Each structure stands twice: as C-alpha cells, then as structure tokens.
Amino acid sequence: MAHQADVRTARRSPWRDERGANLLEFALVVPVLMLIVFGIIEFGVAYNNSLSLRAGAQEGARAGVVANLGPTTPTGCTLAPSGPTTGSPTGRLMCLTKNRIGLSQAAVRLNVSFVDGGGTAGALYEVGDYIRICADFPLTSVSGFFGPFLNGRRQTVRAEMRIEQVAVPALTAASEGNPAC
C-alpha cells in the first residue's frame, strides 16, 4: 500500500509544479503581441497619411502646371498668417492642394517654389520651368504606445512638374512654415 501512495504522489507532483505556467506565458506573450498589433496600426495610419499627402501634392502641382488654380474665393481654407492670402493665385493653389490632400488643413504646411531647367531655385512662373510643391504633416501616435517616437516629427513629400501654361495672374513662390524640400 505504501508503494501505491508513492506512485500517486509521483504522478501528481509534475502537475503541481506547473500550476501558474499558463498565466506566466500569457503575461509574457500579451505585451509583445499588443506591441506588434499597435505597431501595425500606427504604421498603417502613418502610411495612409503619407499616401494622401503625396497624392494631394501631385494633384496641386498638376493644377499649377496647367494654370488651374482653383476657385477665386475658396471657402474653408486655412493658410498661415505669414503665407499668401486665400484670394491670391498662389493662395488659391495652396487651398486647392490642401483640399486635395484631405487631411487637417490647419496641420498641413505647404511650400510652393519654382525651379528653372538648370535646377536653380527662385525662377519665375514661366513655361518650361518647374513648379515644386512641398507638403508636410505631423506624425502622431494613435494608440499612445509609440508617442515618444512619433509625436513632434513630420512627414514630408515633394512633387515637381514642368509648367505647361501660365495663368494670367502669375503665381509667386510662397511658404507656410517652410517644409523641407
């Protein structure tokens, strides 16, 4: 009889030693899994904003090269106080570009400049030269997990196209906070 009792306790002892192992594994795996899931979400939001920024800047540059500057009195457009007015040709192009970007207009910063065929900045708005639109938008953390890495940084895009025709009132170079190009 003593022998049978020893066999039963020998069989039970491995189970007694592994109590709580599932909880420990869960506690170790869940933070890593959450970091991966929220990282995917943060990357997806930042990538979507980058695509919107790039497409809007390209549409704005295209509108500038064919002298389609948008409505003469754009509504709901937010330009920086140091930038052009919304009624000026450059302001109209900037409002059109911000509208095409589709993100928060107050957070988007634009820079419209001109480059001649040799790459010299500051050229005039003339057929054969290039229009360059630079846009930037702040990166923000949606979940808060990646706030220290994302908050305070900006994503920047540049669109450059050759001017095909000029508008009657010529565009001028203008900037809102001077995004890096």
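Scanning region 147-158 for residues that are outside any strand (DSSP E or B) and either open to solvent by 30 Å² or more (accessible area, probe 1.4 Å) or at pLDDT 90 or above (or both) returns Pro148, Phe149, Leu150, Asn151, Gly152, Arg153. Taking interchain pairs and intrachain pairs at least six residues apart, which have beta carbon atoms under 8 angstrom, with the first residue in region 68-79 and modelled with pLDDT of 80 or more and the second open to solvent by 60 Å² or more (accessible area, probe 1.4 Å)? Listed by first residue and then by second, the contacts come to Cys77/Asn99; Thr78/Ala106; Leu79/Thr85.
Considering region 92-132, the residues that are assigned to a helix (DSSP H, G or I) and within 15 Å of Val65 (Cα to Cα) include one that is farthest from the chain's Cα centre (by Cα), namely Arg92. Candidates Gly102, Gly144, Gly83: the one that is open to solvent by less than 70 Å² (accessible area, probe 1.4 Å) and over 30 Å from Leu35 (Cα atoms) is Gly83. When you scan region 33-54, do you find a residue that is part of a helix (DSSP H, G or I), basic (Lys, Arg) and without any contact (Cβ under 8 Å) to a residue 60 or more places away in the chain, even just one? Looking for residues that are part of a helix (DSSP H, G or I), basic (Lys, Arg) and without any contact (Cβ under 8 Å) to a residue 60 or more places away in the chain, one finds none in region 33-54, hence no. Of everything listed in (1) modelled with pLDDT under 90; (2) more than 21 Å from Leu171 (Cβ to Cβ); (3) acidic (Asp, Glu), the single unmet condition for Asp116 is (2).
The values are calculated or read from the model by the stated rules, or taken from the named source; none is laboratory data. Computed from a predicted structure; not experimentally measured. All Cβ positions, even for glycine, are placed from backbone atoms using ideal geometry, and neighbour counts span all protein chains on display. Just so you know, the surface numbers come from the protein's heavy atoms only, side chains and all, with ligands and any DNA or RNA stripped out. Shrake-Rupley method; radii C 1.70, N 1.55, O 1.52, S 1.80 Å.
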